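S.K.: If you scroll down you'll find the structure; I have some questions about it.
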Amino acid sequence: MTVTIIGAGSIGQAVAGIAVASGHAVQILARDAGKAAQAAASSGAASGTIGDPIAGDVVVLAVPYPAVGEVLGVYAGTLAGKVLVDVTNPLDFSTFDSLVVPADGSAAAVIQALVPEARVVKAFNTTFAATLATRAVGGTTTTVLIAGDDADAKTAVAAVVEGGGLIAVDAGSLRRARELESLGFLQLTLAATEKIGWTGGFALVK
C-alpha cells in the first residue's frame, strides 16, 4: 500500500515515519517542493508539490484546517474510493479558544460533505507530533483513536498505526470525530498555556 501525506509539517513527518516503519511506500506533498523533499529525507519517502498526482491509496490531510478546502479543490474528482485521513483540529486561531465548526458537527464531517466519494477517517488529531514520533506518552505506548463510517477504511488506517509500533483504537463512527476534535482542542490549549508539554498529552490505558 502507498500512503500519501499532504503537508510537510511535524505531524506529516511523524505520520510518514509511522507509515514507513509499517512497511508502506510513502509520498509527501507540500506547497514548497524544498520543504517536501526535506520532510521526505528523514523517512526515505518520495516527495512532490501539491498538485502532483496522488500515489496513495490512503491520503493523509496533514495541513491546518483553514487550508483543507484549497487542497481538496486541487484534487477535486481524484479522491473517489480513497481513504482520506483528517488529522486536523479546527481551532479558531485568532482566539485559540474555540472550534470553528458547528457544535453538532466536525471538521471530518465537513470534509466528507466536500468529497462524498472519499472514505473519510478521523485519526492522529489527539496526539502531538512528538508522541507519534517517539511512540510514547510518558511510559505508555501512544494510542491513535480512529473514527469513521467505513470499516475497511478504518482497518487500513489501523494497520498503518499498529505496523508502525503504536496502538490503534476504533472510536466509532464519523460522528465521534466531534468528540475527538474536542479532546484534541483541550490538549492543545493545555499545551499552549504550559499546563502540559508538547511531548506529553493524553494516554489511553486499558
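The values are calculated or read from the model by the stated rules, or taken from the named source; none is laboratory data. On a predicted model such as this, the values are computed, not experimentally measured, just so you know. Methodologically, a virtual Cβ is constructed for each residue, glycine included, from the backbone with ideal geometry; neighbour enumeration extends over all protein chains shown.
S.K.: In the range 6-24, how many are under 17 Å from the mean Cα position of the chain (by Cα) and either assigned to a strand (DSSP E or B) or at positive phi (or both)? Walk me through how you get there before you give the answer.
M.R.: The first filter runs over the range 6-24 and keeps only residues under 17 Å from the mean Cα position of the chain (by Cα), leaving 6-22, 24.
Filter again for either assigned to a strand (DSSP E or B) or at positive phi (or both), leaving 6-7.
Selection size over the range 6-24: 2.
S.K.: Of the residues that sit in the range 9-34 and are within 21 Å of Gly69 (Cα to Cα) and free of Cβ contacts under 8 Å to residues at least 40 places away in the same chain, which one is surrounded by the fewest Cβ atoms within 10 Å (Cβ to Cβ)?
M.R.: Per the stated criteria, the residue is Asp32.
S.K.: OK, next. Of all the residues that make up the range 109-119, how many are assigned to a loop (DSSP other than H, G, I, E, B) and surrounded by fewer than 18 Cβ atoms within 10 Å (Cβ to Cβ)? So that I can check it myself, show each step before the final result.
M.R.: Our first condition is that a residue be assigned to a loop (DSSP other than H, G, I, E, B); within the range 109-119, this holds for 115-118.
Filter once more, keeping what is surrounded by fewer than 18 Cβ atoms within 10 Å (Cβ to Cβ): 116-117.
The number of residues fulfilling the criteria is 2.
S.K.: Condition check: surrounded by fewer than 18 Cβ atoms within 10 Å (Cβ to Cβ), assigned to a helix (DSSP H, G or I) and hydroxyl-bearing (Ser, Thr, Tyr). Does Ser94 satisfy that? Steps first, please.
M.R.: Working: surrounded by fewer than 18 Cβ atoms within 10 Å (Cβ to Cβ): yes; assigned to a helix (DSSP H, G or I): no; hydroxyl-bearing (Ser, Thr, Tyr): yes.
Answer is no for this residue.
Quick grid of which residues meet (1) assigned to a helix (DSSP H, G or I); (2) at pLDDT 95 or above:
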{"residue": "Thr4", "(1), (2)": "no, yes"}
{"residue": "Gln27", "(1), (2)": "no, yes"}
{"residue": "Lys35", "(1), (2)": "yes, no"}
{"residue": "Gln38", "(1), (2)": "yes, no"}
{"residue": "Gly44", "(1), (2)": "no, no"}
{"residue": "Ala55", "(1), (2)": "no, yes"}
{"residue": "Val71", "(1), (2)": "yes, yes"}
{"residue": "Ala76", "(1), (2)": "no, no"}
{"residue": "Leu84", "(1), (2)": "no, yes"}
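S.K.: Report yes if some residue within the range 101-108 is without any contact (Cβ under 8 Å) to a residue 60 or more places away in the chain, of a type in the set (Val, Ile, Thr) and in a loop (DSSP other than H, G, I, E, B); otherwise report no. Before the answer, list the steps.
M.R.: Filtering the range 101-108 for residues without any contact (Cβ under 8 Å) to a residue 60 or more places away in the chain gives 102-103.
Now drop any that are not of a type in the set (Val, Ile, Thr), which leaves none.
Taking every residue of the range 101-108 in turn, none turns out to be without any contact (Cβ under 8 Å) to a residue 60 or more places away in the chain, of a type in the set (Val, Ile, Thr) and in a loop (DSSP other than H, G, I, E, B).
S.K.: Continuing with the same structure: What are the residue pairs meeting all of these: first residue in the range 89-100, first residue β-branched (Val, Ile, Thr), second residue surrounded by 12 or more Cβ atoms within 10 Å (Cβ to Cβ) and not in a loop (DSSP other than H, G, I, E, B), Cβ atoms under 9 Å, and 6 or more apart or on different chains?
M.R.: Going by the 9 Å Cβ cut-off, the qualifying pairs are Val100/Tyr65; Val100/Pro66; Val100/Leu91; Val100/Ala107.
S.K.: Working carefully through the options Ser173, Ser94, find the one that is at pLDDT below 95, over 20 Å from Ala14 (Cα atoms) and among the polar types (S, T, N, Q).
M.R.: Only one candidate qualifies: Ser94.
S.K.: For residues that are touching a helix residue (DSSP H, G or I) at 6+ places or on another chain (Cβ under 8 Å) and either at pLDDT below 95 or at positive phi (or both), tally how many sit in the range 99-113.
M.R.: Adding up the residues that qualify gives 5.
S.K.: Which of (1) touching a strand residue (DSSP E or B) at 6+ places or on another chain (Cβ under 6 Å); (2) modelled with pLDDT of 95 or more is the odd one out, the single condition Ala80 does not satisfy?
M.R.: Only one criterion in (1) touching a strand residue (DSSP E or B) at 6+ places or on another chain (Cβ under 6 Å); (2) modelled with pLDDT of 95 or more is unmet by Ala80, namely (1).
S.K.: Could you say whether any residue in the range 127-145 is buried (at least 16 other Cβ atoms within 10 Å of the Cβ), in contact with a Leu (Cβ under 8 Å, 6 or more places away or on another chain) and small (Gly, Ala, Ser)?
M.R.: no
S.K.: Now for a different question. I need a count of the residues in the range 45-70 that are surrounded by 19 or more Cβ atoms within 10 Å (Cβ to Cβ) and more than 12 Å from Ile5 (Cα to Cα).
M.R.: The qualifying residues number 2.
S.K.: Of these, Gly165, Gly200, which one is more than 14 Å from the chain's Cα centre (by Cα), among the small types (Gly, Ala, Ser) and under 20 Å from Ala19 (Cα atoms)?
M.R.: Values: Gly200 fails: under 20 Å from Ala19 (Cα atoms).
Going through Gly165, Gly200 in turn, the sole match is Gly165.
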